[in-house]
1. Taking DSSP loops as anything outside H, G, I, E and B, show the longest stretch in chain B free of trypsin sites (Lys or Arg not before Pro) there with at most 10 other beta carbons within 10 Å.
2. Just subtract the alpha-carbon distance of residue B:302 and residue B:270 from 0.36 nm times their residue separation and send over the number in nm, one decimal.
3. Restricting the count to DSSP beta bridges whose residues both fall in the protein assembly as shown, what percent are antiparallel, rounded to a multiple of 5?
4. What residues qualify as long-range amide H neighbours of residue B:46, i.e. H under 5 Å apart, gap of 5 or more or another chain, H built at 1.01 Å from N?
5. Given springs between every Cα pair under 10 Å in a Gaussian network model of chain B, which of B:116, B:11, B:295 has the largest fluctuation?
6. Whole-Hz ³J(HN,Hα) for each residue in region A:70-79, computed from phi via Karplus 6.51 cos²θ - 1.76 cosθ + 1.60 with θ = phi - 60°, x for glycine and proline: what do you get?
7. Output needed for region B:265-330: three equivalent-ellipsoid semi-axes, defined as square roots of 5 times the C-alpha gyration tensor eigenvalues, in descending order, whole Å.
8. Take region A:5-259, drop everything but the C-alpha atoms, weight them equally and run the Debye formula without solvent; then report log10 I(q)/I(0) at 0.16 Å⁻¹ to two decimals.
Amino acid sequence: MTNRVVVTGLGVLSPFGVGVDSFWSAVKAGENAVDAWHPPGAEGFPVQHGATIKQDTQALVAEELVDFKLPKHIERRAIYALIAAKEAINDARLETELGQAGIAVCSGVPELDDASLLALAEQPKANIMNYALTEREQAIKRFSGIRCSNDVLATTLAEQLNTSGFICNVSGACAGATQAIGLAYRAIKRGEASVMLCGGADSVLSIRTLSALHLLGATAETQRFANQLCRPFDQDRAGLVAGEGGAMLVLESEQHAKARGAHIYAEITGYGSSLDAYKVTAPHPEGLGAISAMEGALQSAGIGAQNVQYINAHGTSTPLNDVIETKAIKSVFGKHATSLGVSSTKSMIGHWIAAAGAPEAIATVLAIRDQFMPATINLTQPDEGLDLDYVMGKGREASINHALSNSFGFGGINASLAIARYYE
Amino acid sequence: MLKPVYLFQGETLLAHSTSLESLLTHKGRLMSTPFESADLINHSIFISTLADENLKDVGAERMVRKTSERQARWLIASGVRTWRTYFNEPQNKSGLFIGLGTVDCDEEDNPELVQEPTAECLATAMLEERRPLVCLALLNSSATSHIAQLAGITGENMSFSPLLSAGLNALCEGYFAIAEGRLKHALCGGGSQKITPWSLLAYESIWANQDNYWLSEAASFFIASDEPRLNQHAAIGVMRQAYRARLQNNAHALTEQVNRITGSPLIENQHVVKVILVGANLEQQDITLHALGDELKSRAVVLDSYVGNTMAAATAIACNSALSYLHDAEQGFVIVIAFGDHAEFGMFLIEANND
């Protein structure tokens, strides 16, 4: 006997602002959060666009987290997730019933913020580490990953919310947040937890991390399309456009949710994950890992491919991903692949890297609630061989009973969630 | 209905090539030295550090070596060697579950490369093509990808970071994947965070609040499988929680958790060979040993006193130790009780299977 797993709370801090409403209304309208941006003070930096959180971190804390007693050092990504978590918990009306909840989140690699690195760089070269240690309180900013471990988001949530369920900080590259949600789904399904808070927060909008992505050749850098640079599946796509934010979901067993009269958005019905075991630098050319993840999600949901109406694609706007993902969808769905709607939310909010799967899962849940497929914006001419229905340009109403949300990470780490309209 | 999960002992990498077996039988001792950087912040920390792995013995191609850094190489070496001890070819329905440290910039010495403390100079330094694949080396889950590639593991997977609870969660997920029938074999384990001044900055609030703290670099793996083989012991239960209590009476909450284990029908009237405590601070040790009662207390082993705090490797080392203790036992159990750094608490119950 296993539990059905339902979604009862959602929270987002996105480049569109604080809150699920601002996120979803913009996504439904096909708005573009990508804008001209470069790291402050580095005008000549090769990356010239991003989907950024406009509010200052300090201001966000003052406005959104006054009731939290934050640790002495906390990175801004944890702030993003805390704001999203607070909204998700309030949305689920769970404030007083969180005690046994588990926490499964993902927040990416440790953040060595530019300001702290520059403060250290002011020191004589031979003395930097000594200075960093002895003058750490002055040298390193409060909102810096240098002085907190990368599970600060998970542990701060647990401590602030006084939960006693298990706590997980998932490291799964760009599939991390989807893996965290998948873990939460499985924990509730088996009865290990009744309530899980899951999702992620990330940002790579710093000189150090964007430089690393640039050296890998992953970032879009052409000026040709201005802020319409993130163009998943388009013939002129040129790489990922980084975004940032935090997104959290409350999952519950159906029994727990119904017992307390909770509003149910949708049901998580399946989850699949896989490894390419191919190369750390490129996805498997036949998309075997992506195929396996999607098939795993369908199998665990107990549905056939023909039951799915919508896929929220990984859709990174990189030359390789979009070809491989399309190929994998065709392999899994066969003739039905052309009947599906397949869209990329990243075209609007950029790539949140480790956290990417969290806003995309929320978009999928809301697509099912509103029976509306969000668009892939900036897609004007699909590339050769990319011939699925990518919901080009404008979202549309559609009947959606079952959907997948895909995440395929660097190094061939793949995850796919099956999400369905909830029926008693 | 959960399936039985059989555990196959794997490799544990410890400093100075010390064998885990020699520590458990008191024939060897793991050496440590003072961590000089900790003196700068007025804390006393001792460390045992691992030698680098060149990965040639596991047949890693140049790209794997270029896109991995030191702590990833410990994981790749010990993980792949463990897998190949049992499997010579890729296995259907095989998965991978790892506790990882995080990767920082110490190997790059980033701030030292910046000529002037301006954003433009920082960008110039970071964009220099010294290591074009540094992005993948910085990504701690690259270790997962490399192990998958070298071992041919393509199934379900989950990696966690950065400290003890990361390894604990990895082993729990591996156990469930086998017990619930999704996988046939899972490579489970973890590797410690590498110990550097940068990690001291990140973990000061955890590591530096105790006197004479002992940190050890390590990596450890075992294989979980649904197939029994002769002399492979079975994991018959796992549990994970936090013992944070609403009234902050953590001692009471921890005692309750230990009582749940000792009162479990799974071990009632059964012979307990050992109780292994791992990751417990002095207060947690006292509370746990008291709650265990005299009989179980006499069979308790505080693993950290042998190997130090091995972070995300710790729970896998404890499970491999349990398999060693059960080696000659005809029946009975080893209970592994693991403590995370934020009141996380986990239990593994491993049964002898020497029919």
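Taken together, the values in this text are just the output of simple stated rules run on the coordinates, not laboratory data. Keep in mind the model is a prediction, meaning the values are calculated, not measured. Cβ coordinates were reconstructed from backbone atoms using ideal geometry, including for glycine residues, and neighbour counts include every protein chain displayed.
1. B:28-228
2. In short, 9.4 nm is gained.
3. 65
4. The list, which skips near neighbours in sequence, is B:35, B:213, B:214, B:215.
5. Evaluated over chain B, the most mobile residue of the options is B:116.
6. Each residue's phi maps through the Karplus curve to give 6, x, 4, 10, 8, 7, 5, 5, 5, 4 Hz.
7. 20, 17, 9
8. The Cα Debye sum returns log10 ratios of -1.22.
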